[in-house]
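The values are calculated or read from the model by the stated rules, or taken from the named source; none is laboratory data. Every value quoted in this text rests on a predicted model; they were computed, and no experiment measured them. Note that we place each Cβ from the backbone using ideal geometry, even for glycine, and neighbour counts take in every protein chain shown.
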Amino acid sequence: MSETSQVITNLPERTEALRREIAKAIVGQKRVIEDVLLGLYCGEHVLLTGVPGLAKTFLIRSLSEVLHLDFNRIQFTPDLMPADITGTEIIQDDPIKGTRELKFMEGPVFTNLLLADEINRTPPKTQAAMLQVMQEREVTAGVETMPLPKPFHVFATQNPIEMEGTYQLPEAATDRFMLSVSIDYGTPEEEAEMVQRTTGTEKPDLQRVMNGDDLMAIQQMVRAMPVSSEVIRFAVDLVGATRPAAGGASERVKRFIRWGAGPRASQYMILGAKGRAAMAGKPCADEDDVRSVAKLVLGHRVLTNFKARAEGVDTANLLDEIIQKSSS
């Protein structure tokens, strides 16, 4: 058995071990945990959308413990400046040499798992500072460019845009996130269990399941998973169906979608399908795997127009129609 096959074969068991440990801290939210792990296995960033108080921060902190990775959290506010997240140069005295020199003080982005909390509460200038961090995984200060630690992943939480004090994330920023995961309220039973756990004295004792080297090996093996040209074409056609100007666009897409998904969506669709197949222990990705990640990849990339908002048509409805059509 090849090394790739062995890692993929063992991945479902290791994933289940991760789920069990995280469940000691997080009540319910099984789908959310599954999607967050998918983003990690694919080596990409994840956007988490939901109202405050749904354990988004606690989830990523718990994930850092079971993966034995460094964790930092940035609370994005209207007065946050780019240097507050990337770091800044300071003048430092050398008492022995009697000289002064510039020294770079690393910002909180120098970590493994970064939680960008309420990223849409900060102005576009600071949001833009995250682009190099997320895309290049490096920080430039003056003439020096410094790589970030490996692995490096951004999990950004976003409040619904209707809430007070939020800014719409620019398309270039949202496109850097592979997946957009929506977090909703749990059931009354799950909420009761959560309240019981969090109002007592006991704290969850989370055990390490993997480390950074294990995670990067999984990411490499996911990318090495084979996928047929037919499945790639299926993903490309599915993404193309979201573009109003495309020849195969439906009348509802032409009527209600202002902006369809770009080529990066096709790339992430295949990468996500590989990750989903690997989590299931499958030897290769197929069309069903592509469909299973379609809404996660496309949800934040497809923009509706005024007609859609006026008639109560949202992105999720349109994507359901597109995916359903691809199944027929």
Yes or no: the stretch 308-325 includes at least one residue that is within 17 Å of the chain's Cα centre (by Cα) and among the small types (Gly, Ala, Ser).
no
Residues located in the stretch 228-274, provided they are of a type in the set (Lys, Arg), touching a residue at least 60 places away in the same chain (Cβ under 8 Å) and buried (at least 18 other Cβ atoms within 10 Å of the Cβ)
274
Among the residues of the stretch 247-254, is any of a type in the set (Lys, Arg), over 21 Å from residue 38 (Cα atoms), in the same structural domain as residue 290 (by TED's automatic domain parsing) and in a loop (DSSP other than H, G, I, E, B)?
no
Among the residues listed as 141, 156, 116, 128, the single one being of a type in the set (A, V, I, L, M) and more than 24 Å from residue 46 (Cβ to Cβ)
141
Taking the stretch 57-112 on its own, how many of its residues are in contact with a Ser or Thr (Cβ under 8 Å, 6 or more places away or on another chain) and hydroxyl-bearing (Ser, Thr, Tyr)?
2
Got a number for residues in the stretch 273-302 being at pLDDT 90 or above, of a type in the set (A, V, I, L, M) and within 24 Å of residue 172 (Cα to Cα)?
7
For the stretch 121-218, list the strands (runs of 3 or more DSSP E) that sit wholly inside it and hold at least 3 residues that are modelled with pLDDT of 80 or more and either surrounded by 13 or more Cβ atoms within 10 Å (Cβ to Cβ) or in contact with a Cys (Cβ under 9 Å, 6 or more places away or on another chain) (or both); which are they?
153-158, 179-182
Which of the residues spanning the stretch 277-328 are small (Gly, Ala, Ser) and part of a helix (DSSP H, G or I)?
277, 278, 292, 294, 308, 310, 316, 326, 327
